[in-house]
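Colleague: Sending over a structure as structure tokens; questions will come in a sec.
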Amino acid sequence: MKIKEYSSIDNLECISNSLFFHGNKIDDRSTQMVNVFSKKCKVNLEIIYQNETNTFLVNANNKNFIEFKKQILDTIKVNNIPSIFLEATSLGYTEILQILLSLSGVESKDIKISILYAEPLEYTKKVQNNLDNEAYELSEDYHPHKYIKPFLLKDPHDAVSTNRTAMLITFIGFEENRLGRVIEKNNEDDNKYNDFIYVMPVPGFKFGWENISLSKHYHLIDNYKEMHYAPADDPYETYRILEKIIENNPDRKIVIMPLGTKPCTIGASIFLVNKKLENKIDVATKFDFPIKSRGRSKGISKIYEYSLKLI
């Protein structure tokens, strides 16, 4: 696994007959990334997950998961695709996770896979009259937390019958209300997560951004002692941290909820797919499927290319 960093979209190289996955264009960076790469690549697939029906829109055509996976594999085979790009700036967690899971079924393991991410120059701040100068316009709303199939546990909180208590690993970003909803729900439930583990984005994309994350969450995490730190731009370090947590908790049921930066979300996605394929540990993921605000960020700072290999 390798990381390349670019200062301009024009510096990214693309084989002409590549496959390009992307999502909605909702701000400067996602629009620029999709517009540039859709012209460079032979085949473009816009992927949008529909939470209400648990289906996907693939170039505006509705697909269930089986049809979704089949179209991806057929597209790769028919077009003899040598390389694949996932534009993670526009793709959401569910899309990235399910695309990677589908790609595990590709016959040729020599296909190059790259995940692209454009770091924002700045996030759009909310217009408000209170004293919080670091409130950002990132999401309009959220859905109820639910598992993403097939990454689920039949009974994650059943500590009585299995003697394996459940633990929740959450990645933290700028939206404290997302973690607040998780803790509030946990306090209401009879079946609770016995432990929370938090992963903070340290260092942040920019100097001081990690302090914003911490200041927004300190009142929520004060009672929980275990904290880990992963660079905001490094999915591979996220993967390593998850491996370490699992290693230190061999008899625990694990649920991962990535609420932080997109590179950390990418790392969690790769981890979940690999562990599902290995079928050795009891790990699942839940999500709140945010409705992202349009114009949520401005400009592009750095662009990252994360290279993967199929296993």
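The values are calculated or read from the model by the stated rules, or taken from the named source; none is laboratory data. Predicted model, so just to flag it, every value in this text is computed and none were measured. Please note: Cβ atoms are built from the backbone with ideal geometry, for glycine as well, and neighbour counts cover all protein chains shown. Heads up: the accessible areas ignore ligands, DNA and RNA and are worked out on the full protein's heavy atoms, side chains in. Shrake-Rupley method; radii C 1.70, N 1.55, O 1.52, S 1.80 Å.
Colleague: Straight-line reach only, C-alpha to C-alpha below 25 angstrom: list the lysines that Lys40 could link to, leaving out same-chain residues fewer than 8 apart.
Modeller: Candidates past the 8-residue exclusion: Lys2, Lys4, Lys25, Lys69, Lys70, Lys77, Lys109, Lys112, Lys262, Lys298, Lys302, Lys309.
Colleague: Averaged per residue, what accessible surface does the chain expose to a 1.4 Å probe, in Å²?
Modeller: Values: 14740 Å² over 311 residues.
Spelled out: the 1.4 Å probe surface of the chain, per residue, equals 47 Å².
Colleague: Could you work out what % of the accessible surface of segment 199-269 is carbon and sulfur, using a 1.4 angstrom probe and leaving DNA, RNA and ligands out of the count?
Modeller: Working: 1560 of 3080 Å².
C and S fraction of accessible area: 51 percent.
Colleague: A further question on this structure: For labels at Lys39 and Asp110 in the simple 7 Å Cα→Cβ model, what's the distance in nm?
Modeller: Modelled inter-label distance: 3.2 nm.
Colleague: With labels modelled as points extended 7 Å from the Cα through the Cβ direction, what inter-label distance (nm, one decimal) is found for Lys298 paired with Tyr229?
Modeller: In this crude spin-label approximation the distance works out to 3.0 nm.
Colleague: Another question about this same structure. Pulled fully out, how much extra length does the chain show between Tyr147 and Asn17, if you take 0.36 nm times their separation in residues and subtract their Cα-Cα distance? Walk me through the numbers on the way to the answer.
Modeller: On the way: separation 130, 0.36 × 130 = 46.80 nm, distance 3.51 nm.
My answer for the length gained is 43.3 nm.
Colleague: Related question: So, in nm, how far is label Asn194 from label Asn248 when the simple model puts each one 7 Å beyond its Cα toward the Cβ?
Modeller: Spacing of the two 7 Å Cα→Cβ label points: 1.7 nm.
Colleague: So what's the projected area for the chain, the Cα convex hull averaged over all directions, in nm²? Working shown, then result.
Modeller: Values: hull surface 63.7 nm².
Averaged projected hull area, Cα only: 15.9 nm².
Colleague: May I ask you to list the trypsin sites (Lys or Arg not before Pro) in segment 242-289 that are in a DSSP loop and have at most 14 other Cβ atoms within 10 Å of their Cβ?
Modeller: For trypsin sites (Lys or Arg not before Pro) across segment 242-289 that sit outside H, G, I, E and B with at most 14 neighbouring Cβ atoms in 10 Å, the list reads Lys280.
Colleague: While we're looking at this one, here's another question. Just to check, using Stokes-Einstein with a Kirkwood Rh over alpha carbon pairs, what's the diffusion coefficient of segment 75-127 at 4 °C and 1.567 mPa s in µm²/s? Could the numbers behind the result be given before it?
Modeller: Numbers: Rh = 13.1 Å.
Estimated diffusion coefficient is 99 µm²/s.
Colleague: Leaving out ligands, DNA and RNA, and with a 1.4 Å probe, what % of the accessible surface on segment 74-123 is carbon or sulfur?
Modeller: Numbers: 710 of 1540 Å².
On segment 74-123, the fraction of accessible area on carbon and sulfur atoms equals 46 percent.
Colleague: With a cut-off of 8 Å between alpha carbons and a minimum separation of six or more residues, what is the relative contact order of the chain in percent? Don't jump to the answer; show the numbers that get you there.
Modeller: On the way: 589 pairs, mean separation 85.8, N = 311.
Relative contact order for the chain comes out at 28 percent.
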